[in-house]
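**Q** Mind looking over this structure? Questions follow.
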Amino acid sequence: MSALTVTPPNTTTFQPSPELWRLLATGPKENLLEIAQVPALKAEATSCQRQLEILCEPSGAQVVIGALAPLVIVFGKGAEAESPAFWRVYTDALGDLPRIALDRAVSEYQRTGRFFPKPAEIRDLARPHVEVLRQAAYRAKQAADYQPEQRLSDADRLPAEKVQALMADFAKRMEGKDVLERTRKRKVRPAPCARVDETGMSAEARALLERQGTIKPKPLHQDQAA
């Protein structure tokens with residue numbers, strides 16, 4: 001379980017309650033419905049939805065450089081760290097990460113690393129935080145937009161007697177009608193690439209010629225032909 005899952009982001013604009021954060025960041029997707037169906041939780045999710053979206057935004061080049069600066073001091077890079085080309089490698093690889101995820105990845109690496117990290121190492125540490133943050137933002141938005149299913153009231157429902165009368169009227173009007181007549185009479189032209197039988201004729205072509213009386217219907221079984 002990632003640290004961000006246990007400890008929610010705590011900024012001046014986003015301070016979620018422990019209960020809301022648990023439902024946003026952990027557990028099955030059904031947690032979304034629990035948030036949406038509890039008025040207090042839905043109201044809180046609605047109020048913090050935009051803040052979560054902002055927290056998911058890319059950090060950008062300057063934030064990446066600032067976040068990695070402590071590691072330069074800890075592990076040392078000398079003149080290499082003064083080169084724009086050196087930093088471009090890191091900003092290109094990490095600039096799309098949310099700032100909170102980047103900061104926590106750097107903090108974790110600082111406690112366990114032995115050398116200045118490669119971009120992929122920081123990115124791997126940031127990934128769980130990114131996933132949790134984006135999931136929380138998604139669930140907050142879905143909960144805020146959730147509308148319960150509208151059920152018909154008894155006043156809006158047709159009486160059972162009315163429904164039965166409508167069904168009986170429909171059955172009466174359809175009585176004696178051949179509902180498949182148009183389908184049977186539909187003229188289907190054989191497709192150029194249709195599958196053919198042993199006589200070299202497609203099923204569509206045979207059906208067309210049989211309707212026109214050009215050929216006799218093909219027997220279904222050999223004993224019928226006899």
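The values are calculated or read from the model by the stated rules, or taken from the named source; none is laboratory data. This is a predicted model, so every value here is computed, not measured. Cβ atoms come from the backbone with ideal geometry, glycine included; neighbour counts cover every protein chain shown.
**Q** Can you pull out the helices (runs of 4 or more DSSP H) entirely within region 65-182 that have at least 1 residues that are of a type in the set (Phe, Trp, Tyr) and either surrounded by 12 or more Cβ atoms within 10 Å (Cβ to Cβ) or at pLDDT 95 or above (or both)?
**A** It comes to 84-94, 99-112, 119-145.
**Q** If we keep just the residues of region 52-78 that are free of Cβ contacts under 8 Å to residues at least 40 places away in the same chain and not aliphatic (A, V, I, L, M), which is nearest to residue 147 (Cα to Cα)?
**A** If we take residues in region 52-78 being free of Cβ contacts under 8 Å to residues at least 40 places away in the same chain and not aliphatic (A, V, I, L, M), then 60 is nearest to residue 147 (Cα to Cα).
**Q** Next question. For residues that are over 39 Å from the mean Cα position of the chain (by Cα) and of a type in the set (Lys, Arg), tally how many sit in region 67-91.
**A** 1
**Q** If you check every pair at least six apart or on different chains, which have Cβ atoms under 8 Å apart with a residue in region 82-95 that is free of Cβ contacts under 8 Å to residues at least 24 places away in the same chain first and a residue that is assigned to a loop (DSSP other than H, G, I, E, B) second?
**A** From residues that are free of Cβ contacts under 8 Å to residues at least 24 places away in the same chain, the pairs are 86/77.
**Q** Here's a follow-up. Mind listing whichever residues of region 38-50 are surrounded by 15 or more Cβ atoms within 10 Å (Cβ to Cβ) and part of a helix (DSSP H, G or I)?
**A** 41, 42, 44, 45, 46, 48, 49, 50
Residues checked against (1) touching a helix residue (DSSP H, G or I) at 6+ places or on another chain (Cβ under 7 Å); (2) acidic (Asp, Glu); (3) in contact (Cβ under 8 Å) with a residue 40 or more places away in the chain; (4) within 23 Å of residue 16 (Cβ to Cβ):
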site: 100; (1), (2), (3), (4): yes, no, yes, yes
site: 111; (1), (2), (3), (4): no, no, no, no
site: 115; (1), (2), (3), (4): yes, no, yes, no
site: 122; (1), (2), (3), (4): yes, no, yes, no
site: 143; (1), (2), (3), (4): yes, no, yes, yes
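**Q** Does region 51-62 contain at least one residue that is assigned to a helix (DSSP H, G or I) and over 30 Å from residue 22 (Cα atoms)?
**A** Yes: region 51-62 contains one or more residues that are assigned to a helix (DSSP H, G or I) and over 30 Å from residue 22 (Cα atoms).
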